[in-house]
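See below for the structure under consideration.
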Amino acid sequence: MNVAAFNSANLNSGQKVAVKYFAVAMILFLAQCLFGLLAGLQFIMPDFLYNILDFNVNRMVHINAMVVWMLYGFIGSVYWLVEEESGTELVGAKLANLNFWILTIAVAIVVVVYLFVQTGPGTKETLWLINEGREYIEAPRWADIGIVVCVLIFFYNVAATFMKGKWSGISGVLVLDLVALAGLYLAGMFYTTNISVDQYWWWWVIHLWVEATWEVLVGCIMAWGLMKTLGARRKIVTTWLYIEVALMFGSGILGLGHHYFWIGTPEYWLSIGGFFSALEPIPLVAMVVHAVYDSGRHNFRNSNHPALAWLIAHAFGNFFGAGVWGFMHTLPQINLYTHGTQWSASHGHLAFFGAYATIIIAMIYIAVQKWRGDVWMSADLPDNGWKWKWSLGLLNLGVVGMTVALLISGYEQSFVERALGGSTWAAYFSAQATPWFMQGMHWRMLFGVMTMIGVVLLLWDLVTIGKGETRPAIDPTIAAATA
Amino acid sequence: MADTPWWASEDVWRKWAIWVTAIMAVVLIFLTFDSVATITAGSKRVPGYDVINKRIYYTYNAERNMQEPVIGGDAPLFGKALSPQEAEDLVTLGKLTVQAKNCMNCHTLLGNGAYYAPDLTKAWLDPAWGAESVREQLMVSFLMDPTANARTYGTGRRMPQLGITEDEARGVVAFLKWMSSIDTNGFPKGFTPIRQEDAS
Ligand code: HEM
Ligand code: HEM
Ligand SMILES: [Fe+2]
């Protein structure tokens, strides 16, 4: 067997599809950061690309590339584990492949239209063909429908495979969660003039994705990943998964109310949203305990060092980004001052990166290892594994640095604009123009560049790690037995 | 294992997961019926679109300890009183334009969106538009040529040319006027409205 190169003969048919999704995900991650840098630069140099590639376009591409690459990462992860977990072959390998290409072409068309058509007249046709103009789910309606069809095909493929093979606790949670995740997208697929009703349903998609269904999905991936890299016992990870589902849905579903404080919705949301969202950090603490406890329990002896490092980065990133940074502004008394300021951007960066980017990267390291022929990826890598270590460091430091910079700007903004200034346009601009605010914007760029270097290094590592490696991987179940 | 305590039992937690999720989902659906009814246009918190025919004030309510919109006497937008249907059509044109031009990826609306440009929730009431008598025309001109009419207050940030037509601009202004009448529980905090003529 040729272990010097990627060799698809090492993969089962679900995994062959998975690596395609992973490849596109990583390309979009690069694109995401590129457009983030353009948008960030416009805070410092407002004339940069003015009337050519304006802030709203760059930002839209930045956050849409993120949403799409994360969905690709999730789909890839599920295809990756479906055959091992179900104990049988993927029912529709050809279908999965076709589906991948259709979805990818659709994504490419959407991006080209975003960049070159940008906006249209104020008609429904624009929302169908160019851009829907609603943050995160800007994709025009034709693409929404295409996405739903593709996700249904994906869902059929996964559910039918489990049905043919065997079910487990993890796969049961996973499949039910995918139903909810796909169903929620429908809540964002209609037009209404009433902005309050619009945002009410818009948050169903955004919040109930990231603070409910996506969390549970990564919980499933984490459970599987810990078994895979550490040889953790199935019974233990499954029990933890149920605990996490109970706590996450128990707090996150009504936690939705923290977006219903100020959009016209009734006052009872101030209490309900404040209370339940304040509980949301609890499952995130549980996840850290789980991951760290399992790792320590197995003396960190594992088959894939980069993957385990990213899994641990996920546990902490999720806790800090979502749990701590989310909690900081989730009570209405505080949110009244911080709502819609750089606070939100600070939290958004650490949460999306910490909770989701990390775990997808971990899965991709697991994939690359097998793709190379299940080679050694523990200690003593060639060149001391500097690329994965540096990219891990640069990416995490870069995002944490941006988060802190934005938080400082956000503090300044909420004081000067809201607390002192009377929340008018003049107050907004006077807050934006202070040196304190602008310093934050400069530091964000610096750490943004660091993040970007981390991404480039990561991509380089992913295509080179394990090349020419001849030692076989540690078998984590044997390592666990002797630990 | 027979000696697994109840709190570490897979079965117990599976049941908890299912019940908690089901109960929370049911509560959310119940609250959603109530909330959507409360925010339907024409309700107390979210006025009907023909509110654009009226003067909208913004005053402090000591009982609620927050500011709230108050609907005053006749003040038709662009000097023409509209029927409820005409008003809805105009606001709809505005909302479609707001989406088609991707306003939300620079501005926030009701505090949601991007942070490159000011919040639009109470833009209609903002002192930046000078006096009540001129604001609607100023807003239309600004939207149609934001480069020439830019006021960047020392930040250098200008709104881009979005190709907004005069009709679309009027629609957007109608949409902004209507949005300013929504009761947002006092957001944005401590907002200082445009100088208001004596509330009657
Ligand atoms: C991984 C999970 C999470 C992700 C990815 C995430 C992401 C985000 C993002 C991107 C926004 C900004 C939305 C916008 O553009 O307007 C946001 C808003 C918010 N998040 Fe999270 N979040 C997560 C978890 C949490 C948790 C657990 C809490 C509370 C404990 C929380 C509290 C909030 C609040 C209060 C806002 C509203 C900010 C505002 O008023 O402007 N988030 N979140
Ligand atoms: C390469 C470095 C990056 C730069 C320079 C950057 C820059 C930006 C800028 C300028 C915005 C617009 C904020 C505003 O409206 O004021 C933004 C928004 C956002 N970015 Fe990034 N970004 C970077 C990387 C990332 C990464 C790695 C993630 C997550 C994985 C991310 C997630 C987000 C999210 C969720 C928002 C929307 C936040 C909100 O609406 O509250 N960005 N970014
Ligand atoms: Fe949320």
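Taking both sides together, what accessible area is buried at the B/A interface, probe 1.4 Å, expressed in Å² and rounded to the nearest 100?
Chains B and A together bury roughly 7400 Å² of accessible area.
On C-alpha positions alone, give me the angle between the axis of helix A:281-297 and the longest principal axis of chain A, in degrees, nearest 10.
That works out to roughly 30 degrees.
Let me know the number of lysine pairs in chain B closer than 30 Å at the Cα, not counting same-chain pairs under 8 apart.
For chain B, qualifying lysine pairs total 26.
By a straight-distance test (C-alpha under 16 Å), which lysines pair with A:Lys228 as possible cross-link partners, with residues fewer than eight away in the same chain excluded?
A:Lys370
Using the scaling law 2.2 N^0.38 Å as the reference, what is the normalised Cα Rg of chain B?
Compactness ratio reported: 1.37.
Against the longest principal axis of chain A, how steep is helix A:55-86, in degrees 0 to 90 to the nearest 10, with axes from Cα atoms?
Orientation of helix A:55-86: about 30 degrees from the principal axis.
Using a 1.4 Å probe on protein heavy atoms, which residues of segment B:164-195 have at least 40 Å² less accessible area in the complex than alone?
B:Asn185, B:Phe187, B:Lys189
Which trypsin sites (Lys or Arg not before Pro) from segment A:133-198 combine a DSSP loop assignment with at most 13 other Cβ atoms within 10 Å?
A:Lys166
For labels at A:Asp475 and A:Phe116 in the simple 7 Å Cα→Cβ model, what's the distance in nm?
Computed distance between label sites A:Asp475 and A:Phe116 equals 5.4 nm.
Under a cut-off of 18 Å between alpha-carbon atoms, report the aspartates and glutamates in cross-link reach of A:Lys94, not counting same-chain residues fewer than 8 places apart.
Correct list for A:Lys94: A:Glu83.
What fraction of the Cα pairs in the protein assembly as shown, stated in percent, has a spacing above 50 angstrom?
Looking at the protein assembly as shown, the distances longer than 50 Å represent 14 percent of pairs.
Per residue of segment A:396-404, what does 6.51 cos²θ - 1.76 cosθ + 1.60 with θ = phi - 60° give for ³J(HN,Hα)? Whole Hz please, x for Gly and Pro, Karplus curve as stated.
Per-residue couplings from phi come out as 5, 5, x, 6, 4, x, 4, 4, 5 Hz.
Name the residues of segment A:263-278, by number, that are at least 40 Å² less accessible with every protein chain in place than in the isolated chain; the surface is that of heavy atoms, probe 1.4 Å, without ligands or nucleic acids.
A:Gly264, A:Pro266, A:Glu267, A:Tyr268
Run the simple label-point estimate for A:Met328 and A:Leu420 please: 7 Å along Cα→C-beta, distance reported in nm.
2.0 nm
May I ask you to derive the FRET efficiency for A:Asn7 and A:Leu446 from their Cβ-Cβ distance with R0 = 35 Å, giving the value to the nearest 0.05?
0.30
Which loop trypsin sites (Lys or Arg not before Pro) in segment A:231-303, with loop taken from DSSP, have no more than 16 other Cβ atoms within 10 angstrom of their Cβ?
Here the trypsin sites (Lys or Arg not before Pro) that fit, given the DSSP loop and packing criteria, are A:Arg233.
Return the distance in nm (one decimal) between the two label points of a simple spin-label model at A:Ala108 and B:Thr165, each offset 7 Å from Cα along Cα→Cβ.
Rounded to a tenth, the inter-label distance reads 3.5 nm.
A:Trp80: net charge of surrounding residues, Cβ under 13 Å, Lys/Arg +1, Asp/Glu -1, itself excluded?
Net charge around A:Trp80: +1.
Whole number in Å², please: accessible area per residue of the protein assembly as shown, 1.4 Å probe, ligands, DNA and RNA not counted.
Using a 1.4 Å probe on heavy atoms only, each residue of the protein assembly as shown averages 38 Å².
Say R0 is 51 Å: what FRET efficiency, to the nearest 0.05, do B:Asp34 and A:Ile52 get from their beta-carbon distance?
0.60
How about segment B:60-114: which GluC sites (Glu not before Pro) there are in a DSSP loop, with at most 16 other Cβ atoms within 10 Å of their Cβ?
B:Glu63
Could you give the angle, 0 to 90 degrees to the nearest 10, between helix B:166-179's Cα long axis and the longest principal axis of the Cα atoms of chain B?
50 degrees
Once neighbouring chains are kept in place and the probe is 1.4 Å, which whole percent of the accessible area of the protein assembly as shown is contributed by carbon and sulfur?
Answer for the protein assembly as shown is 69 percent, counting heavy atoms of protein chains only.
Which of the lysines could be linked to A:Lys387 by a straight reach, that is with a Cα gap under 18 Å, when you skip same-chain ones fewer than 8 residues away?
In chain and number order, the partners are A:Lys467.
So what's the gap between the Cα centers of segment A:36-75 and segment B:126-180, to the nearest angstrom?
Taking the Cα centre of segment B:126-180 as reference, the centre of segment A:36-75 is 24 Å away.
Using the Karplus equation 6.51 cos²θ - 1.76 cosθ + 1.60 (θ = phi - 60°), what ³J(HN,Hα) coupling, rounded to whole Hz, does each residue of segment B:38-51 give in order, writing x for Gly and Pro?
For segment B:38-51, the Karplus curve yields 6, 10, 5, 4, x, 8, 5, 7, 10, x, x, 5, 6, 4 Hz.
So what is the calculated 222 nm ellipticity per residue for chain A, using -39500 (n - 2.57) for each DSSP H run with n of 4 or more, over all residues, to the nearest 500 deg cm²/dmol?
Rounded to the nearest 500, it is -23500 deg cm²/dmol.
Would you compute, from DSSP H runs of 4+ residues alone, the mean residue ellipticity of chain B at 222 nm, taking -39500 (n - 2.57) per run and dividing by the full residue count, rounded to the nearest 500?
-12000 deg cm²/dmol
Magnitude of the Cβ-charge dipole of the protein assembly as shown, K/R +1 and D/E -1, about the Cα centre, nearest 20 debye?
1180 debye
Going by a 1.4 Å probe on protein heavy atoms, which residues of segment A:81-129 end up with at least 50 Å² less accessible surface in the whole assembly than in their chain alone?
For segment A:81-129, once contacts with the other chains are taken into account, A:Thr119, A:Gly122 lose 50 Å² or more.
For A:133-143, what's the mean count of beta carbons from other chains sitting within 10 Å of each residue's beta carbon?
That average works out to 3.
Amide H of B:Gly72: which non-local residues (sequence gap of 5 or more, or other chain) have their own amide H closer than 5 Å, using H built in the peptide plane?
Those qualifying (amide H under 5 Å, at least 5 residues apart or on another chain) are B:Arg55, B:Ile56, B:Tyr57.
The values are calculated or read from the model by the stated rules, or taken from the named source; none is laboratory data. All figures in this text were calculated on a predicted structure; none of them were measured in a lab. Note: ideal-geometry Cβ built from the backbone for every residue, glycine included; neighbour counts use all protein chains shown. In case anyone asks, the SASA skips ligands and DNA or RNA and just uses the protein heavy atoms, side chains included. Shrake-Rupley method; radii C 1.70, N 1.55, O 1.52, S 1.80 Å.
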